[in-house]
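> Right, I'll just put the structure down here and ask away after.
The values are calculated or read from the model by the stated rules, or taken from the named source; none is laboratory data. No experiment lies behind these values; they were computed from the predicted model shown. So basically every Cβ, Gly included, is an ideal-geometry build from the backbone, and we count neighbours across all protein chains shown. All accessible areas refer to the heavy atoms of the entire protein, side chains included, with ligands and DNA or RNA removed. Shrake-Rupley method; radii C 1.70, N 1.55, O 1.52, S 1.80 Å.
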Amino acid sequence: MTTPLLNSLTIALGERSYPIQIGSGLLADAANFADLPKASTALIVSNSTVAPLYAAALQAALQPHYASVHLVVLPDGEAHKDWQTLNLIFDALLQNNCDRKTVLFALGGGVVGDMTGFAAASYMRGVPFVQVPTTLLAQVDSSVGGKTGINHPLGKNMVGAFYQPQRVLCDLGTLKTLPPREVSAGLAEVIKYGPIADMAFLDWIEAHIEALVARDVQALAHAVRRSCEIKAQVVSQDEREGGLRAILNFGHTFGHAIEAGLGYGDWLHGEAVGCGMVMAAHLSQALGLVDAAFVQRLTRLIAAAGLPVRGPVLDASDNAGRYLALMRVDKKAEAGAIRFVLIDGPGRACMRGAEDALVRAVIDRCCAA
Ligand code: NAD
Ligand code: GLY
């Protein structure tokens, strides 16, 4: 069986380089899993929502390549991105006598992908893994670039490893079953690439936002390809986030505070990032880096993607104080000082600190009464 491969690009990391393949129907085609590291066993990691939809097809496609293909089904949700759930992967690996050549396949969204990658990084000190992302967010961001990990109650993605997959297979066909709210969440990470790197892409997203929300396949294919190209360029230059890669966290400092403050899983990650970008844009304006028109334009687009643009109140008595406390736990913070990814001109991002008083004023302005 052949399936339409629309695009293939490479993430260039020397001996850790790998292809990102984008197309429809890819995960059911055995040919797409040839040329992976040889092993006798494979373990598909999925969750209780995605496994019933796609695990059988993936299992059948892997069967020609491995003597045994096992499946572990995790509970669904950001709230399960924790040690206890991670351990279910190690349980499955050990119960099935998986050796150090076993290949893991992450079949699901960013939660499954991040946890599978972290399990692969640490099982027997490292086994190969493949990303088969099934959400828009995972296809345009989380499956690419090798950030893996889990949450800690005190901070988002605080425990993890940089560990690159062998391959990323973005099957656009899986997006048909995605709930609309998840499509919007994925669009937040698509929109992100415009202001930080490519204003022509932002123009294109604006012109195609309705098609994207409606899941037009051609529009999605372009959005996934361009997003992956930008991410690949950034990661190829700065794999371990020594500097440049931090720009991919535009909106994430405020966004992580929203997620941690509300409790993981209340707002979706993409929703928090979308709103976080609005807040970061306001902070950029307050620092004189962009004008009000830019902030309004970005806010309109984020709203058109179906995302919230007003931040939640995390603490009725001192909301800004609560945001600030949560943001100090961000991985970009240095010696307790928060560092924000801001826009310092259309298509250009920078990292900066800001006075607490200024940040407080932005939070007050951006949060729902
Ligand atoms: P998710 O993994 O929770 O998936 C969203 C929901 O969609 C889940 O309920 C899932 O079961 C369901 N689902 C997945 N695919 C489906 C399909 N095809 N049809 C129907 N339902 C489907 O969330 P997400 O938005 O994919 O990822 C968010 C996570 O990714 C967060 O934990 C975030 O921290 C992480 N992330 C990581 C990186 C990175 O670089 N590693 C980047 C961005 C985000
Ligand atoms: N999502 C941010 C990064 O991969 O660096």
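> Mind telling me which of the residues K192, K147 ends up being closer than 25 Å to A12 by Cβ, charged (D, E, K, R) and without any contact (Cβ under 8 Å) to a residue 40 or more places away in the chain?
K147
> Since M124 meets every condition but one in (1) farther than 16 Å from L104 by Cα; (2) out of contact with any strand residue (DSSP E or B) (no Cβ under 6 Å at 6 or more places or on another chain), which condition does it not meet?
Here M124 meets the rest and fails (1).
> Does A232 satisfy being away from ligand 1 (no atom under 12 Å from the Cβ) and crowded, with 24+ Cβ neighbours inside 10 Å?
no
> Within segment 308-320, identify whether any single residue is among the acidic types (D, E), more than 21 Å from the chain's Cα centre (by Cα) and farther than 30 Å from A207 by Cβ, and answer yes or no.
yes
> List every residue pair whose Cβ atoms lie under 7 Å apart, where the two residues are 6 or more positions apart in sequence or sit on different chains, the first residue falls within segment 39-52 and is in a loop (DSSP other than H, G, I, E, B) and more than 10 Å from ligand 1 (Cβ to nearest atom), and the second residue, located anywhere, is open to solvent by 60 Å² or more (accessible area, probe 1.4 Å) and of a type outside the set (A, V, I, L, M, F, W, C).
From segment 39-52, the pairs are A39/K101.
> Output the number of the condition that N151 fails; it satisfies all remaining conditions of (1) surrounded by 18 or more Cβ atoms within 10 Å (Cβ to Cβ); (2) at pLDDT below 95; (3) within 13 Å of ligand 2 (Cβ to nearest atom).
Condition (3) is where N151 drops out.
> I need the full set of residues from segment 152-193 which are over 30 Å from R328 (Cα atoms) and not aliphatic (A, V, I, L, M), in order please.
P165, Q166, R167, C170, D171, G173, T174, K176, T177, P179, P180
> Could you please find all residues in segment 259-281 being assigned to a helix (DSSP H, G or I), more than 16 Å from ligand 2 (Cβ to nearest atom) and of a type outside the set (G, A, S)?
L262, C275, V278, M279, listed by residue number.
> Determine if segment 157-164 includes at least one residue that is modelled with pLDDT of 95 or more and away from ligand 2 (no atom under 14 Å from the Cβ).
Yes, segment 157-164 contains a residue that is modelled with pLDDT of 95 or more and away from ligand 2 (no atom under 14 Å from the Cβ).
> Name the strands (runs of 3 or more DSSP E) wholly inside segment 123-187 in which the number of residues that are closer than 20 Å to G251 by Cα is 1 or more.
Numbers: elements: 129-133, 147-152, 155-162, 167-171.
Filter on segment 123-187 gives 147-152, 155-162.
> Is there any pair linking a residue in segment 230-242 that is without any contact (Cβ under 8 Å) to a residue 24 or more places away in the chain and more than 11 Å from ligand 2 (Cβ to nearest atom) to one that is in a helix (DSSP H, G or I) and not polar (S, T, N, Q), with Cβ under 7 Å and at least six apart or on different chains, and which?
Q237/L244
> Further question on the same structure: I need a count of the residues in segment 293-307 that are over 24 Å from the mean Cα position of the chain (by Cα) and open to solvent by 40 Å² or more (accessible area, probe 1.4 Å).
2
> Another one. Might you check whether a residue that is under 19 Å from the mean Cα position of the chain (by Cα), at pLDDT below 95, within 21 Å of V140 (Cβ to Cβ) and of a type outside the set (S, T, Y) occurs anywhere in segment 42-50? Before the answer, list the steps.
Taking segment 42-50 first, the residues under 19 Å from the mean Cα position of the chain (by Cα) are 45-47, 49-50.
In the following step, the residues that additionally are at pLDDT below 95 were identified as none.
No, there is no match, as no residue in segment 42-50 is under 19 Å from the mean Cα position of the chain (by Cα), at pLDDT below 95, within 21 Å of V140 (Cβ to Cβ) and of a type outside the set (S, T, Y).
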